[in-house]
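The block underneath contains the structure these notes are about, expressed in structure tokens.
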Amino acid sequence: MKLESYQTINNHVLTHRGHQYLELAATYGTPLYIFDETSFKERVVSYKNAFQSPHFDTQILYASKALLTKAIGKLIAQLDIGQDVVSGGEIFVGLAAGVPAKNMYFHGNNKTNAELIYAIEQGVGTIVIDNRMEIERVNHIAKTANTVQRVLLRLNPGVEAHTHDYIKTAHLDSKFGESVFDTDIEAIIQKMVDATHLNFAGFHCHIGSQIFDETSFLKAASEMLHFTRKIEEKLAIRIEEINFGGGFGVYYTSEDTPFEVTAFLPRFTTFVHEESQRIGLALKKITIEPGRSLVNASGSTLYTVGDIKHTTGGKHYLFIDGGMSDNIRPALYQAKYEAVLTNKATQEPTTTYTIAGKACESGDKIIESISLPMAETGDLLLVNGTGAYNYTMASHYNRLPKPAMIHIDEETHRLTVKRDSYEDLMRNELD
């Protein structure tokens, strides 16, 4: 397993900033989400420093869907970055943690009226309107609240990003946003411009996730810039902001080849400026929404090995005390991970195992095939790269309690999310 900067091997045992995983397991139990706060803060600062321009304002917006707890929200507020939210619940957590509402961008393809009322009442800075029907709803709610709401329109620029290529005119049937190829697109934008209680500030796009090719982002940016300039000329308006979304790829296994985001961002801002200058566009602000690439490498999950099963068909199962209830990604879209037995970190691998969870599903496998030293009941298995979409997608399937989460900040570690008790599983139920 590729080690992170905060992981070292001491006396054949893997440690996290000097803390033995055996010590952490004894203190907090397993399964256990572990979040390295120091590396997260360093990464955010490096992104902020890289995403600067003398030609327009820039802002990093943390994508809450990747990982949001009150502790993470406090870091967002402390580090003075914006927050990309997609529900009333994410707004609530952010506000409870101290994130200023004006720094929030509210996304979503089917925001309820209750969520929109809550967002506008709380002073959420920008609402990203997803579709033409939403325009009237937001305008009406803002009028009722006697305010003018700043809004962007989400667009599909016709660039579908894969790992190493892009295809123009794709996303014509996307769940999110309005297509730049829609024959009504100018009328939709004009409707937003004319709305009495909307401040139409610009556009948003997002071309995909886990993207390893810089070219896809540059192509999407070019399409957005040219479309924006065309709209300015046809509707005789000025566009203030483009939010270019996120999707920067991260490392999970040796199959992944992410680019260095902090090296790319200065090139990206330069490209946006030079292309804007060439076509006569004068933006005041550009924003991006990295979530996974900010948090994933800072998160890991610690499990205890239970029974070990050798089938007559020759398969070797290593069962852990968690599984798809705390990491649905392998079952949902065949995500791949690396892992290590923390107490046997320097031992040579001898056996190929399938790491399987305890949920009552044949598909509950965290890793289909991995070579490890001979495992024993009681060993500790650590899976890296679980900072994004693990905690936020966790469930109570099979009435399994959700794991605890801890933050490690240099020499200290602390509980930030308590482990569910059995009573917690029924806390909303009535007789």
Out of His413, His396, sole residue that is within 20 Å of His19 (Cβ to Cβ) and within 26 Å of the chain's Cα centre (by Cα): His413
Some residue of the range 83-96 being assigned to a loop (DSSP other than H, G, I, E, B), touching a residue at least 24 places away in the same chain (Cβ under 8 Å) and either closer than 26 Å to Arg414 by Cβ or under 15 Å from the mean Cα position of the chain (by Cα) (or both): yes
Residue, most open to solvent (accessible area, probe 1.4 Å), within the range 28-47, restricted to residues that are β-branched (Val, Ile, Thr) and more than 30 Å from Ala359 (Cβ to Cβ): Val45
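Take the residues in the range 198-252 that are among the small types (Gly, Ala, Ser) and on the phi > 0 side of the Ramachandran plot, then tell me which one is surrounded by the fewest Cβ atoms within 10 Å (Cβ to Cβ).
Out of the qualifying residues, it is Ala236.
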Count of the range 207-251 residues which are part of a loop (DSSP other than H, G, I, E, B), modelled with pLDDT under 95 and over 16 Å from the mean Cα position of the chain (by Cα): 1
Only listed residue being under 28 Å from the mean Cα position of the chain (by Cα) and not β-branched (Val, Ile, Thr), chosen from Ser254, Ser276: Ser254
Hits in the range 302-331 - residues which are within 30 Å of His407 (Cβ to Cβ), part of a strand (DSSP E or B) and touching a residue at least 40 places away in the same chain (Cβ under 8 Å): Leu302, Tyr303, Thr304, Val305, Gly306, Leu318, Ile320
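Within the range 12-27, can you find the residues that are open to solvent by less than 10 Å² (accessible area, probe 1.4 Å) and in a helix (DSSP H, G or I)?
Selection gives Tyr21, Leu24.
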Within the range 101-187, strands (runs of 3 or more DSSP E) holding 1 or more residues that are at pLDDT 95 or above, surrounded by fewer than 17 Cβ atoms within 10 Å (Cβ to Cβ) and in contact with a helix residue (DSSP H, G or I) (Cβ under 9 Å, 6 or more places away or on another chain): none
Candidates Ala50, Ala77 - the one that is in contact with a helix residue (DSSP H, G or I) (Cβ under 8 Å, 6 or more places away or on another chain), without any contact (Cβ under 8 Å) to a residue 40 or more places away in the chain and either of a type outside the set (Ser, Thr, Tyr) or crowded, with 17+ Cβ neighbours inside 10 Å (or both): Ala77
Top-ranked residue of the range 253-301 - restricted to ones that are assigned to a loop (DSSP other than H, G, I, E, B) and among the charged types (D, E, K, R), ranked as least open to solvent (accessible area, probe 1.4 Å): Glu289
Qualifying residue in the range 72-81 (condition: among the hydrophobic types (A, V, I, L, M, F, W, C) and closer than 30 Å to Thr377 by Cβ): no
Output for the range 306-348, where each listed residue is of a type in the set (Phe, Trp, Tyr), open to solvent by 20 Å² or more (accessible area, probe 1.4 Å) and under 22 Å from the mean Cα position of the chain (by Cα): Tyr333
Verdict on Gln59 being of a type in the set (S, T, N, Q), within 17 Å of the chain's Cα centre (by Cα) and open to solvent by 20 Å² or more (accessible area, probe 1.4 Å): yes
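The values are calculated or read from the model by the stated rules, or taken from the named source; none is laboratory data. If you're wondering where the values come from, they're calculated on a predicted model, not measured in any experiment. Backbone-built Cβ (ideal geometry, glycine too); neighbour counts: all protein chains shown. We work out accessible area using only protein heavy atoms, side chains counted, and drop any ligands, DNA or RNA first. Shrake-Rupley method; radii C 1.70, N 1.55, O 1.52, S 1.80 Å.
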